[in-house]
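Everything below concerns the one structure shown next.
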Amino acid sequence: MRNIKTAVAVLLSILISFALDLEYPFYAAIATVIAMESSIASSYTAGKNRTMGTLVGAAFGGLFAFIEPHNAYLSAFGIVCVIAVCNLLKWNKSVSIACIVFLAIMLNLRVGEPPFLYALHRVLDTLLGIGVAVLVNYFLIPPKHDRNLERSRLAVRRHLTSLAHQLLRQGGGVHISPLKKDLAALQKACDTYKEEFDPVRSKSQDLVSRIEQELDVYRNTYSHMRMIRLLTDHDPEGIASIGSSLLQDSNQQADGALPADSQAVIYRYHVACILGELQTLGLLVPTHIAYPFEAVPAGASSGAAPGPARRGGAPAAPAQPGGAPARLPGPASGPKPHSVPGRF
């Protein structure tokens, strides 16, 4: 729809330019294309940035063209002035369009044409294009940001459930980086929904609050999943080496990795946190969980996926009835532990 609305807005801006007998419909059409964004608020922001840049570029363009148009040295010096003023006013997003307008006036001004009148026409062309873009974006099938937000939320929940089940069932070895992209997309959809222009007050603050609370839980879950991924990834610069450096004495270099017993405790903690977060979100909790740092007692038929024996010959964890390794108290069977991203 943004594609179609852009075409419609360009058509209208050109027709209006012809009706008003404007000399350069090109500038109005360009302003329309730049100002057409995925939301009304974004269209307004893009149009505002272009307007501010146009004002700066037109002011310097008219001044320098009044001195001597088509002068290469004055054009270069004028660019320095335009960029400096935009940075001074903190209009950083207006720098490019300000330079374009300045050069358009300096290099396109015809002999005998008043430079300040030409600069004024460029400002009016820009305002026309921006106005058309914002109005078309608002009245012609306005964006349904609530639907986009819910769609992004469901995508995160599906992906989170799938990756969490795979990670816990296999005891690591699952790439979870795609989930980070889904979280970023959900955050962007939430920000767009919050910032959108809402003249009829149809925006739901309860929806925004609920999504923001869920985002915190999603990020905590991702953090715990990432810690499990690092813990089970046999990388010399992984979490074992990090833990080893944290435990070493200030005057003594550590000579080994984090003990297997400690790794097992850390692994179980993050598993418990993930299970608790899934329950908080109302998502399906996995029943088969692998414990790669512990051995299943001989003859036991555990529902959890078997893993290699503990390194260093450490004894196996106590088994629950049925042979499954006993879980540490956690969110799945008791009070929910406090989730702190990046810490264990």
Quiz item: Taking 0.36 nm per intervening residue step and subtracting the Cα-Cα distance, what contour gain separates Leu20 from Asp146 on full extension?
Solution: 41.5 nm
Quiz item: For segment 1-58, with every protein chain kept in place, what is the accessible area per residue (1.4 Å probe, Å²)?
Solution: 48
Quiz prompt | Alpha-carbon spread of segment 9-53, three principal axes, descending order, Å | solution = 30, 20, 12
Exercise. Just grab the label-to-label distance for Gln170 and Thr287, each label 7 Å out from Cα along the Cβ direction, in nm (one decimal).
Key: 2.2
Self-check item: Peptides ranked, highest mean first, by Cβ atoms within 10 Å: ranges 94-104, 152-162, 7-17
Solution: 94-104, 7-17, 152-162
Self-check item: Spatial separation of Cα centroids for segment 4-56 and segment 102-130, in angstrom
Solution: 15
Practice problem: Anything over 27 Å Cα to Cα? Flag those among Lys90/Lys144; Lys90/Lys188; Lys48/Lys188, in the order listed. | Solution: Lys90/Lys144
Quiz item: If you take the beta carbon distance between Phe139 and Leu89 as r and set R0 to 41 Å, what does 1/(1 + (r/R0)^6) give as a FRET efficiency, to the nearest 0.05?
Solution: 0.80
Exercise. May I ask you to list the aspartates and glutamates whose Cα is less than 12 Å away from that of Lys194, ignoring any residue fewer than eight positions away on the same chain?
Key: Asp146, Asp206, Glu212
Quiz item: Can you give the extra length, in nm with one decimal, that the chain gains between Ile4 and Glu68 once fully stretched, where that is 0.36 nm per residue apart less the Cα-Cα distance?
Solution: 18.8 nm
Practice problem: Just the number, please: carbon plus sulfur as a percent of the accessible area of segment 1-102, 1.4 Å probe, no ligands or DNA/RNA counted. | Solution: 72
Quiz prompt | For segment 87-228: accessible area per residue (Å², 1.4 Å) | solution = 54
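The values are calculated or read from the model by the stated rules, or taken from the named source; none is laboratory data. Computed from a prediction, not measured in an experiment: that's the story for all the values here. Heads up, the Cβs are rebuilt from the backbone with ideal geometry, glycines too, and the neighbour counts pull from every protein chain shown. SASA here: full protein model, heavy atoms, side chains in, ligands and nucleic acids out. Shrake-Rupley method; radii C 1.70, N 1.55, O 1.52, S 1.80 Å.
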